[in-house]
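Please treat every number below as a calculation from the coordinates, not as lab data. None of these values were measured; they are calculated from a predicted model. Methodologically, a virtual Cβ is constructed for each residue, glycine included, from the backbone with ideal geometry; neighbour enumeration extends over all protein chains shown.
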Amino acid sequence: MDNLCITFNFEEAIALSDAPPLFDDIIAAAAVNEATNNGTLDDDFSVINELPIENWKADDTWGYMASYLMFEWYSPVFNTAIRGRTNVNSIVELKNSGLLNYKSKNLPDTSRGAYKNYDLRLFHRYAEKAKAYCIGDAERIEELLMEISHIGPKRRLGFGKIADFNIEKIKNSDEWMHRPLPISMRDNGKFVAYNPRPPYWFKKTPNHDGYIMQTLPDDSLNY
């Protein structure tokens with residue numbers, strides 16, 4: 001395993017979330033995608049526990065030595081409205097004409113499901129590049145990154161499209177620690193309840209017990 005710096009260049013704006021993406025989460029998604037395509041993905045998503053990244057261990061749990069992405073922004077934050085409306089009268093007309101196979105006797109529910117109305121605000125920003133750091137297997141990480149075309153939320157809308165990436169071996173570094181870590185490993189910074197490893201968005205997974213108290217470095221607040 002080597003100390004690595006991974007640089008991403010982007011073609012499109014990045015849709016913002018509550019926290020910057022973690023590099024091991026991106027690699028986990030790539031591993032799941034690869035296993036799905038190969039027909040080897042199991043119900044426990046065990047490939048997530050076998051990423052080509054070194055582990056840290058503390059407080060009876062473990063995670064990956066991989067930072068979150070650190071973006072170099074060149075624009076302010078933009079706010080875009082995304083709206084969806086269902087024309088109930090048109091649905092009824094299409095049903096009566098036989099052009100739409102709508103079996104329910106009730107009118108479409110516009111508060112949930114396929115016909116849900118929505119009025120969302122999407123915050124996005126343009127980045128020249130983003131860097132992430134990890135201790136891992138450069139060759140295998142490069143293979144997995146070929147599975148990834150976009151980073152961040154709203155990828156299906158085209159946000160976060162990757163132009164290219166580069167993996168560079170660097171000298172011994174603790175840059176990978178720019179991530180949530182247990183309090184026993186870093187006792188300052190912003191306190192957060194976070195999963196120790198991917199998938200971070202689940203409160204509980206087959207592979208670990210869920211959220212634990214951790215800290216984020218102060219510079220994560222600049223995202």
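Between their Cα atoms, which of 57/131; 57/129; 131/171; 129/161; 129/169 are more than 20 Å away from each other?
From 57/131; 57/129; 131/171; 129/161; 129/169, over 20 Å: 57/131; 57/129.
Give me 159, 78 ranked fewest to most by other Cβ atoms within 10 Å of their Cβ, as a rough exposure proxy.
The order, fewest Cβ neighbours first, is 78, 159.
List every residue whose amide H lies under 5 Å from the amide H of residue 161, counting only residues 5 or more places away in sequence or on a different chain, with H placed 1.01 Å from N in the peptide plane.
11, 12, 151
Top mean-square fluctuation among 65, 177, 185, Gaussian network model of the chain, C-alpha springs under 10 Å?
Result for the chain, Cα springs under 10 Å: 185 fluctuates most.
How big is the chain by the Kirkwood estimate over distinct Cα pairs, in Å?
By the Kirkwood definition, the hydrodynamic radius is 19.7 Å.
Are there trypsin sites (Lys or Arg not before Pro) in the stretch 114-205 that DSSP marks as loop and that have at most 10 other Cβ atoms within 10 Å, and which are they?
Those that pass, being in a loop and sparsely packed, are 171, 203, 204.
Quick check on the chain: helices-only [θ] at 222 nm, where DSSP H runs of length 4 and up contribute -39,500 (n - 2.57) each and the sum goes over total residues. Nearest 500, please.
Estimated from H runs of four or more residues: -4500 deg cm²/dmol.
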